[in-house]
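Below you'll find the structure, written out as structure tokens, and then a few comments.
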Amino acid sequence: MPSTYKLGPGTIIETTEDGTVLTFRYDPNTPDGKLNQQAGIYRVWLAAGNTPSPADPLPLVFSAGQQLPSQRVRTTNATATQIFSFTIPVATEWTATLTMRGITDDMLNLRVIKAELTVARGPTGGAVFIPARTGGANVDIRFDRAIGTAGAWPLPSVTVVGNDVIIKVTGAAGTGINWLLTGSYETFTPGGS
């Protein structure tokens, strides 16, 4: 039985008569004199009207319950300060459940916000928010609790810049606020990797 060929991820997989499996790259635009031996034999095989077997489908990769490392920052004024950023991998959906806590140095003002968000990035282009079906918000606030003056603090800002999710907190003028971001996330990459 002659060799058989199958498409692989960016390669050609050849199974020889004796069962040996060889993998090589093949570019149909490469001139004949520049091909390695396997690619040259494969080109002749194709020219004879043969077709390789299709590639196996890429695996579906789902990752659940990944913990975000705790992120901390201290603000002393009303300037937006970055507390978190995450780069969304190519061809991946990312859903996070986050808890943001802010507490003043004197412990008299506290705000706790729990939120969920989903961001996706295709095989080309940048990452984008997947808005909620009801209300169209990019970030779903699950609860927002506050004591003292903390209820007047601005909500954290969540933006997508290029392929990055960026979260910033804004404190209050002349007030030391200690912020803590915790949470978990799930990813789904239909093409595997």
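Nothing in this text is a laboratory measurement; each read-out follows from the coordinates by a stated rule. Small disclaimer: the values here were computed from a predicted structure and weren't measured. Positions of Cβ are generated from backbone atoms using ideal geometry, with glycine treated the same way; all protein chains shown enter the neighbour counts.
A few remarks follow.
- Peptide packing: for 138-144, 40-46, the average count of neighbouring Cβ atoms within 10 Å per residue gives the ranking 40-46, 138-144, highest mean first.
- Counted by Cβ distance under 14 Å from residue 147, the other residues give a net charge of +1, where Lys and Arg count +1 and Asp and Glu count -1.
- Local charge for residue 110 was computed over the other residues whose Cβ lies under 11 Å away, with Lys and Arg +1 and Asp and Glu -1, and equals +2.
- Candidate lysines - alpha carbon under 25 Å from residue 114, same-chain residues fewer than 8 apart omitted: 168
- Reference-scaled alpha-carbon Rg (2.2 N^0.38 Å with N residues) for region 4-47: 1.10
- In terms of the mean number of neighbouring beta-carbon atoms within 10 Å, the peptides 99-106, 156-163 order highest first as 99-106, 156-163.
- Relative contact order for the chain, counting Cα pairs under 8 Å that sit 6 or more residues apart, in percent: 28
- Helix-only mean residue ellipticity at 222 nm for the chain, each DSSP H run of n ≥ 4 adding -39500 (n - 2.57), per residue, nearest 500: -1500 deg cm²/dmol
- Helix axis angle, 37-47 relative to the chain longest principal axis, alpha carbon, degrees: 80
- Share of pairwise Cα separations in the chain, more than 26 Å, in percent: 53
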